[in-house]
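Engineer: Got a structure here, written out as structure tokens. Questions coming.
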Amino acid sequence: MTSSGTNPPSGRAENGEFDSAAWELLLPAAAAPARRRGRALQSALREAVRSGRLAPATRLPSSRALAADLRVSRGLVTEAYEQLTAEGYLRSGRGAGTWVSGAVRAAAPGARDLAPRAPGARVDFRPGTPDLSLFPRSAWTATYRSVLGRLPHSALGYPDPRGLPELREALAALLTRRRGVVADPERLVVCSGVAQATTLLGFVLHGRGMRTVGVEDPGSPEHAALFASAGIATVGLPLDGQGLDVGLLGHSGVRAVVTTPAHQFPTGIAYTAARRSRLLDWARATNGLIVEDDYDGDFRYDRAPVGSLQGLDPEHVAYTGSVSKSLAPGLRLGWLLAPATLTDEIIARKRTMDLGNPAVDQAVLADFIVRGGYDRQLRRCQRAYRERRDTLTAALAEHFPGTEVSGIAAGLHIIARLPERYGPEPVFTARAAEAGMALRPLSDFGTAPSADRTVSLVLGYAHLSPSDIAEGVRLLAAAQRDAKGPDTGHR
């Protein structure tokens, strides 16, 4: 091995020996400023082992030889060898030299993005996503700066697991005013969206011996996965035009049921007053629990939104909601209001789950609500989404004549029932996918495909511009005509 410091060592590339390429990795560390040279050498050796450039069972030069090659002190190399041996990257034995440990595994290159997207889709009609470009960046930034500037140091510690008092008070006032909720700030728990609220309830119900929960069929597929994570199975309960079939609910034997009464997902119906009353009667008679998922209750376009079910009986209804549709799902901010008999257990589980949500984000949302920014955002979204819903229904009428749009004028999606001539459904969706259209049929949400040739689609529109909606429907119709002939849809 040369000691000139200008040429790499030779003759060490074979038989697990230290080679010239690995040696060159250490040169920048040797050139680092004196105060940082030791740490730089350790970091370079560590990264060489992690990346696989120094393979397991590779023998390293002696501390004296490597120090001479790099023109650094022998003590620096010795210290680096000792530190990495203590960490497990290297191994050594008296008189046996220093070797790369076999316990190290190279890290996976890069990080995958598992966010739910439809890469390559020309138009994505899948439901559930708001228009993220409507997020009030300027107002949110100004609020953030203002809040952070006056936030006391103590607020940056571990928060109350229920959420900051000022946010719970702001949410309680908001939900009482807009959704008719009976909202006691002491019983309101800030969560990472409705997903965590549902999981919290699942753990608490499981702790009380419950092993099954009823869910709407069709309904959100997420409910089954969330309750399963808490060890609870779900039982699908059918709907009719008025809401959940309470008779079948009574015969199912479940003691808790998840509902979306203001705007059922995905059918789009609103539970009738009679059905809401019968559902509450079931809960009172069985001492059961209704979980109300108010996922988009603020967005009603033809009249004022129907008030919450929880406001009629807060001791038998657990109310959940979030800002995922009104602001952005990436904020991960939601809430849970549960009966008093469950609240302490929910708070205890929330504490052990994550010690609370980020304090600064909570403080910003509280200020945004109190100063009127949230109400302004809701009005802005409502105007945009009403226009897009109208655009979608008009485009369907033009390109798919005879289509029935069901459900109330609300929310971020519609149910479109196409005439039989466009079916069968699997063929229709396959053609749409070939044309680059991302969409979901109603059968994806629990209901079996229709026995006839009818195609029922759950079409999301909130995240698409009016021009994208019109163009997407045109392309969807063109894909069906191209596959079946120019007369498709005009018979």
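Engineer: Just checking: which of the helices (runs of 4 or more DSSP H) contained wholly in segment 314-404 hold 3 or more residues that are open to solvent by 40 Å² or more (accessible area, probe 1.4 Å) and either under 23 Å from L175 (Cβ atoms) or touching a Ser or Thr at 6+ places or on another chain (Cβ under 7 Å) (or both)? Let's see the steps before the verdict.
Structural biologist: On the way: elements: 340-354, 359-370, 373-399.
Correct list: 340-354, 373-399.
Engineer: Sticking with this one: If you scan segment 200-215, which residues turn out to be under 21 Å from the mean Cα position of the chain (by Cα) and not in a helix (DSSP H, G or I)? Lay out the reasoning, then the answer.
Structural biologist: Within segment 200-215, the subset under 21 Å from the mean Cα position of the chain (by Cα) is 200-203, 215.
Residue satisfying the conditions is V215 alone.
Engineer: In addition: Please verify whether Y319 is touching a residue at least 40 places away in the same chain (Cβ under 8 Å) and out of contact with any Leu (no Cβ under 8 Å at 6 or more places or on another chain), treating the condition exactly as stated.
Structural biologist: no
Engineer: Would you mind stating whether R162 is within 19 Å of L331 (Cα to Cα), open to solvent by 10 Å² or more (accessible area, probe 1.4 Å) and at pLDDT 95 or above?
Structural biologist: Here the answer is yes, as R162 does meet what is asked.
Engineer: Only one of (1) closer than 24 Å to G102 by Cβ; (2) open to solvent by less than 80 Å² (accessible area, probe 1.4 Å); (3) modelled with pLDDT of 80 or more fails for G75. Which number is that?
Structural biologist: Every condition holds for G75 apart from (1).
Engineer: Further question on the same structure: Considering every residue within segment 410-418, establish whether at least one is open to solvent by 20 Å² or more (accessible area, probe 1.4 Å) and closer than 25 Å to A262 by Cβ. Spell out how you get there, then give the answer.
Structural biologist: If we filter segment 410-418 for residues that are open to solvent by 20 Å² or more (accessible area, probe 1.4 Å), which is where we start, we get 417.
Cutting the leftovers down to closer than 25 Å to A262 by Cβ gives us 417.
So far as segment 410-418 goes, yes, one or more of its residues are open to solvent by 20 Å² or more (accessible area, probe 1.4 Å) and closer than 25 Å to A262 by Cβ.
Engineer: Looking at A80, A111 in this structure, which one is of a type in the set (A, V, I, L, M), open to solvent by 70 Å² or more (accessible area, probe 1.4 Å) and either modelled with pLDDT of 85 or more or within 30 Å of G460 (Cα to Cα) (or both)? Let's see the steps before the verdict.
Structural biologist: Numbers: A80 fails: open to solvent by 70 Å² or more (accessible area, probe 1.4 Å).
That would be A111, the only listed residue that is of a type in the set (A, V, I, L, M), open to solvent by 70 Å² or more (accessible area, probe 1.4 Å) and either modelled with pLDDT of 85 or more or within 30 Å of G460 (Cα to Cα) (or both).
Engineer: Now, a different point. Would you be able to say whether some residue in segment 131-151 is touching a Leu at 6+ places or on another chain (Cβ under 7 Å) and open to solvent by 90 Å² or more (accessible area, probe 1.4 Å)?
Structural biologist: no
Engineer: Hand me the list of helices (runs of 4 or more DSSP H) wholly inside segment 1-68 holding 2 or more residues that are at pLDDT 75 or above and on the phi < 0 side of the Ramachandran plot.
Structural biologist: Correct list: 27-30, 34-51.
Engineer: How about segment 412-452: which of its residues are in contact with a Phe, Trp or Tyr (Cβ under 6 Å, 6 or more places away or on another chain) and either part of a strand (DSSP E or B) or modelled with pLDDT of 95 or more (or both)?
Structural biologist: Of all residues in segment 412-452, those in contact with a Phe, Trp or Tyr (Cβ under 6 Å, 6 or more places away or on another chain) come to 418, 422, 428, 439.
Correct list: L418 only.
The values are calculated or read from the model by the stated rules, or taken from the named source; none is laboratory data. Note that this is a predicted model, so its numbers are computed, not measured. Glycine also receives a Cβ, built like all others from the backbone with ideal geometry; neighbour counts cover every protein chain displayed. With ligands, DNA and RNA removed, areas are computed over all heavy atoms of the protein, side chains included. Shrake-Rupley method; radii C 1.70, N 1.55, O 1.52, S 1.80 Å.
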